[in-house]
1. List the residues, sorted by chain then number, that are 5 or more residues from residue 44 or on another chain and whose placed amide H is less than 5 Å from its amide H.
2. Please list, in order along the stretch 25-39, the HN-Hα scalar couplings obtained from phi with the Karplus expression 6.51 cos²θ - 1.76 cosθ + 1.60 (θ = phi - 60°), rounded to whole Hz, x for Gly and Pro.
3. Taking amide H positions as placed in the peptide plane 1.01 Å from N, state which residues far from residue 21 in sequence (5 or more) or on other chains have amide H under 5 Å from it.
4. Pull up all non-local amide H partners of residue 76: gap of 5 or more, or a different chain, and H-to-H distance under 5 Å with H placed in the peptide plane.
5. Would you mind counting up the charge near residue 22? Only other residues with Cβ under 10 Å from its Cβ, with Lys and Arg at +1 and Asp and Glu at -1.
6. Can you tell me how much longer the chain between residue 15 and residue 59 gets when fully stretched, taken as 0.36 nm per residue apart minus their C-alpha distance, in nm with one decimal?
Amino acid sequence: MSDPVLGGMGYPYVNPANIGSTDPSRPAAVLFEDGTDGKRHLAAAERVVLEVGQPAPVMFDRKFDGPNVIPGLGSTYDRHVWLYKTRRVSSPATTRR
């Protein structure tokens, strides 16, 4: 997925059973990007929590971004942790350096 201003989000693989989890070992999605070697490499993990009137969740002492609307899910809070290359927690979710 790509945006001309924000850049690409790579290839997301979603595990619907993990939507709502703030357990670091259970991301709702992992994102891969193409490497220079022609293989896909793990780039990020994403947590998604449905927003139902509660405060934004906190993980690693950082509030989740949102609420944002994800088509098909509705209002959500999310947190991306970029792992490959930059190894940082991002904010907003789609910003990469």
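1. 31, 83, 84
2. 8, 10, x, 5, 8, 10, 10, 10, 9, 6, x, 5, 8, x, 9
3. 48
4. So residue 76 has HN proximity to 51, 68, 69, 70.
5. Charge balance near residue 22 sits at +2.
6. 13.9 nm
Each value in this text was obtained by applying a stated rule to the coordinates, not by laboratory testing. Just so it is clear, the structure is predicted and the values come from calculations on it, not from any experiment. Every residue, glycine among them, receives a Cβ derived from its backbone with ideal geometry; neighbour counts consider all protein chains shown.
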